[in-house]
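Report on the following structure.
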Amino acid sequence: MGAVVDALSGLMAGLDVALSPDNLGFCLAGVALGTLVGVLPGVSSLAAVAMLLPFTHALSPITALVLLAGVYYGSEYGGSIASILLNVPGTPASAVSCLDGHPMARAGRAREALILSAGASFCGAVVGIGMMLAMAAPLAGLAFMLGPAEYFAIMLFGLVCTAAVGRGHLAAGLAAMLAGVGLAMVGTDAQTGVARFTFGLAELRDGVPLVVLAMGLFGVSEVMLSMFAAIPAVRCPVGSSGGWPRFSAWRGAAGPMLRGGALGGLFGALPGTGPTLASIAAYALERRLSDRPERFGQGAIAGLAAPEAANNAAAQTAFVPTLALGIPGSATMALILGAMSVHGVVPSPLLAVESPELFWGLMASFVIGNVLLLVLNVPLVGLWVRILRVPPERLYPFVLVLIGVSTFGARGSAFDVWIALGIGLLAYGLRRSGVQLAPVLIGFVLGPLVEENFRRALAISQGDFAIFVSSPIALAALGAVVVLLALAGYRSFRNAWLA
């Protein structure tokens with residue numbers, strides 16, 4: 001109880017700092033820019049933070065961090081807009097929102113989807129902030145308890161769970177997941193320096209960027225499906241964008257929002273995970289808990305609310321390992337850590353005691369920033385919905401050009417545009433065959449983490465595989481993998497036998 005009181009008193013003191021004219025103004029600028037960055041497909045918060053970093057040298061440490069943090073979590077708000085309206089993820093973490101958000105828009109419920117997304121994002125952010133204030137110290141201690149063997153087992157369980165995301169057969173889900181793992185392995189091996197699966201192409205030595213994969217999977221394939229009438233084109237006449245969500249919709253979204261926020265808060269506090277993994281895990285969890293899992297992928301409210309809450313909660317709690325341990329959970333957080341270093345801010349579990357003005361001022365700015373995001377996003381729903389009134393034959397070229405420009409901007413390479421096109425062609429064939437694309441994305445995200453921690457664990461144990469069953473956490477996760485595979489295999493066999 002004393003810790004809660006101390007946190008609330010510190011937060012109240014931080015409000016005085018966050019509400020100063022400079023900090024409030026830069027907070028508004030940060031979240032507005034972050035929303036714009038999120039709306040533009042393929043333009044990541046990483047690029048925006050990198051461009052702003054030189055301009056923060058003249059600012060105070062707290063003001064600089066407020067601005068950069070606003071861009072970071074603001075982009076998670078805006079990322080869902082392009083996902084819902086165009087099926088093109090604005091950020092990698094919002095790719096999961098394509099699965100149910102876009103079908104809602106196609107069914108004339110775009111306004112409802114956008115408002116639910118904004119509400120879920122705000123709810124997730126509030127849950128994440130609360131967890132960050134109340135559980136910063138325990139989560140930092142948990143990070144020290146998890147070694148490579150534990151991380152390997154947990155990530156392997158996440159890979160196996162990818163079969164639960166798709167509506168198809170277990171074999172198809174596992175094959176799609178392995179395809180994502182295979183794409184993630186393209187490039188130079190970080191430990192040996194050997195090029196893998198590059199086919200002698202220098203452009204593939206750095207691997208396939210996540211934004212390129214997302215553009216191909218969800219952008220190019222969607223345009224092709226619509227152009228060839230595999231899925232009816234988006235034709236939303238004036239007034240068909242739907243109204244505000246009804247009470248029943250909010251009631252159905254409440255549980256997924258809270259569960260997604262809690263799960264995202266936990267994932268965000270663990271170094272190396274982040275919003276993308278959090279949104280994927282929240283989606284998989286809600287589908288497993290649903291009484292009607294077949295609705296997922298067809299406009300399920302829970303399929304939109306849970307990942308949106310999760311990725312925004314993770315964006316908040318990602319600051320826990322960065323501020324307390326100096327361990328960035330993502331490339332964007334690494335840049336923010338660099339900004340802390342430039343301004344002489346040393347990460348420490350005692351940062352709240354040693355620099356209370358900075359720590360609590362930053363925490364209070366999170367609260368203010370998320371309120372500003374809600375105020376900014378809800379009135380602009382009508383503006384975003386108007387995109388649906390554009391005739392599809394005019395929209396497709398614009399979307400393709402935007403995908404090409406965004407893909408080229410990822411690394412400044414025209415070769416990446418061809419990669420996205422090739423992935424889009426394959427994704428088009430998979431979707432025509434009824435194969436879900438979410439396992440590909442999950443395999444791509446988790447595959448490198450599984451491989452890295454597997455090799456690190458074996459290096460520590462000098463090749464002794466017993467390290468993977470010597471820890472209760474690792475043993476429990478591996479046991480869950482065996483049980484899940486057995487149950488899924490039995491279900492598939494039973495369905496095939498009954499058919």
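The values are calculated or read from the model by the stated rules, or taken from the named source; none is laboratory data. All figures in this text were calculated on a predicted structure; none of them were measured in a lab. Cβ: placed from backbone, ideal geometry, glycine included. Neighbour counts: every protein chain shown. For the accessible areas, the whole protein counts, side chains as well, though only heavy atoms, and no ligand, DNA or RNA atoms are used. Shrake-Rupley method; radii C 1.70, N 1.55, O 1.52, S 1.80 Å.
Gain in length, W497 to I473, computed as 0.36 nm per residue apart minus the alpha-carbon separation, to one decimal in nm?
Stretched fully, the W497-I473 segment lengthens by 5.0 nm.
Translational diffusion coefficient, Stokes-Einstein: compute it for segment 67-107 using the Kirkwood radius over C-alpha pairs as Rh, at 10 °C and 1.306 mPa s, and state it as an integer in µm² s⁻¹.
Working: Rh = 10.1 Å.
Stokes-Einstein gives a translational diffusion coefficient of 158 µm²/s.
Could you run the Karplus curve 6.51 cos²θ - 1.76 cosθ + 1.60 with θ = phi - 60° over segment 458-469 and give me ³J(HN,Hα) per residue in whole Hz, x for Gly and Pro?
Values per residue, Gly and Pro as x: 5, 5, 5, 8, 6, x, 8, 6, 5, 4, 7, 10 Hz.
If you roll a 1.4 Å probe over segment 403-444 with all protein chains in place, what percent of the accessible area is carbon or sulfur?
Heavy-atom surface of segment 403-444 belonging to carbon and sulfur, 1.4 Å probe: 70 percent.
Quick check on packing: order 447-456, 192-201 by the mean number of other C-beta atoms within 10 Å, highest mean leading.
Ranking the peptides 447-456, 192-201 by packing returns 447-456, 192-201.
What order, most packed first, do the peptides 22-35, 303-316, 422-435, 98-111 have when packing is the mean number of other Cβ atoms within 10 Å of each residue?
So the peptides 22-35, 303-316, 422-435, 98-111, ranked by packing, come out 303-316, 98-111, 22-35, 422-435.
At 4 °C and 1.567 mPa s, grab the translational diffusion coefficient of segment 407-489 from Stokes-Einstein with a Kirkwood Rh over Cα pairs, rounded to a whole number in µm² per second.
Value of D from the Cα-based Kirkwood radius: 80 µm²/s.
Which value, in Å², gives the accessible area per residue of segment 408-499 when a 1.4 Å probe is used on the protein heavy atoms?
So segment 408-499 comes to 57 Å² accessible per residue, rounded to a whole number.
Tally Lys and Arg at +1 and Asp and Glu at -1 over the other residues with C-beta under 14 Å from the C-beta of E308: what net charge comes out? Display every interim value, and only then the final one.
On the way: positive: R259; negative: E76, D100, E112, E286.
Local net charge: -3.
Would you calculate the separation in nanometres between label points at A13 and F465, each defined as 7 Å from the Cα along the Cα-to-beta-carbon direction?
Result: 5.5 nm between the two label points.
Using packing as a proxy for protection, rank 464-477, 357-370, 72-85, 176-189 so that the peptide with the highest average count of other Cβ atoms within 10 Å comes first.
The densest-packed peptide leads the list: 72-85, 357-370, 176-189, 464-477.
On a C-alpha basis, how far is the centre of segment 63-84 from the centre of segment 18-35 in Å? Whole number, if you could?
About 11 Å separates the Cα centre of segment 63-84 from the one of segment 18-35.
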